[in-house]
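Engineer: What follows is a single structure, and I will ask about it in a moment.
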Amino acid sequence: QVQLGESGGGLVQAGGSLRLSCAVSGHTSKAYVMGWFRQAPGKEREFVATIEWSGGTRDYEDTVKCRFTISTDSAQNVVYLQMKSLKPEDTATYFCAAGTGSRKWYEYSYWGLGTDVTVSS
């Protein structure tokens, strides 16, 4: 069983930066993919970024590519999402996920409870 816990959300001005953290506990398969998804009010949960737990292949949604960076720290059992040049449209609850998925939320087996990010104009 894998347990995930997000932190690092908050209120930031447009153009600012935040770093989200996802603490990972339990038995993580070396084959797992770690993902970040987000969900704004009234919208479907959407893909943001993924990374292999080993720190290999990374994938990003087009609107966050070159602004967000996903990374892992295997020694600390943490997955990060470094966000810069934030825009109001980035406002959402951000969720950490683990499993064998890719870009679809329902492909993942484990989820955190989310952390809120609000970007003011």
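The values are calculated or read from the model by the stated rules, or taken from the named source; none is laboratory data. Everything numeric here is computed off the predicted structure, so don't read it as measured data. Counting neighbours? That spans all protein chains shown, and the Cβs are built from the backbone with ideal geometry, glycine included. SASA here: full protein model, heavy atoms, side chains in, ligands and nucleic acids out. Shrake-Rupley method; radii C 1.70, N 1.55, O 1.52, S 1.80 Å.
Engineer: What does the net charge come to around Tyr32 if you take all other residues with beta carbon closer than 12 Å to its beta carbon, with K and R at +1 and D and E at -1? It would help to have the intermediate numbers written out before the result.
Structural biologist: Values: positive: Lys30; negative: Glu52, Glu107.
Residues close to Tyr32 contribute a combined charge of -1.
Engineer: On a full-extension model of 0.36 nm per residue, what is the gain between Ala23 and Lys104, subtracting their alpha-carbon distance, rounded to one decimal in nm?
Structural biologist: Numbers: separation 81, 0.36 × 81 = 29.16 nm, distance 2.13 nm.
Here the segment from Ala23 to Lys104 would lengthen by 27.0 nm.
Engineer: Dipole size in debye (nearest 20) for the chain around its Cα centre, Lys and Arg Cβ +1, Asp and Glu Cβ -1?
Structural biologist: Here the size comes out at about 140 debye.
Engineer: Now a separate question. If you bin the C-alpha pair distances of region 59-121 every 10 Å from 0, what whole percents do you get?
Structural biologist: With a bin width of 10 Å, the distribution comes to 18, 50, 30, 2.
Engineer: Lys65: which aspartates and glutamates have alpha carbons under 19 Å from its alpha carbon, excluding same-chain residues fewer than 8 sequence positions away?
Structural biologist: Hits, sequence-local ones excluded: Glu46, Glu52, Glu89, Asp90.
Engineer: At a threshold of 8 angstrom on Cα-Cα distance, excluding pairs fewer than six apart, so keeping six or more, what relative contact order does the chain reach in percent? The partial results should precede the final answer.
Structural biologist: On the way: 308 pairs, mean separation 42.8, N = 121.
Contact order relative to length: 35 percent.
Engineer: May I pose another question? Leaving out ligands and nucleic acids, and using a 1.4 Å probe, what accessible area per residue does region 26-121 come to in Å²?
Structural biologist: Values: 5160 Å² over 96 residues.
With the other protein chains kept in place, region 26-121 gives 54 Å² per residue.
Engineer: Please list 3J(HN,Hα) in residue order for region 37-42, calculated via the Karplus relation 6.51 cos²θ - 1.76 cosθ + 1.60 where θ = phi - 60°; whole Hz, with x for glycine and proline.
Structural biologist: For region 37-42, the Karplus curve yields 10, 9, 9, 8, x, x Hz.
Engineer: So, one more: I'd like the carbon and sulfur percentage of the solvent accessible area for region 1-62, probe radius 1.4 Å, heavy atoms only, ligands and nucleic acids excluded. Walk me through the intermediate numbers first.
Structural biologist: Working: 1510 of 3400 Å².
Result for region 1-62: 44 percent of the exposed heavy-atom area is carbon or sulfur.
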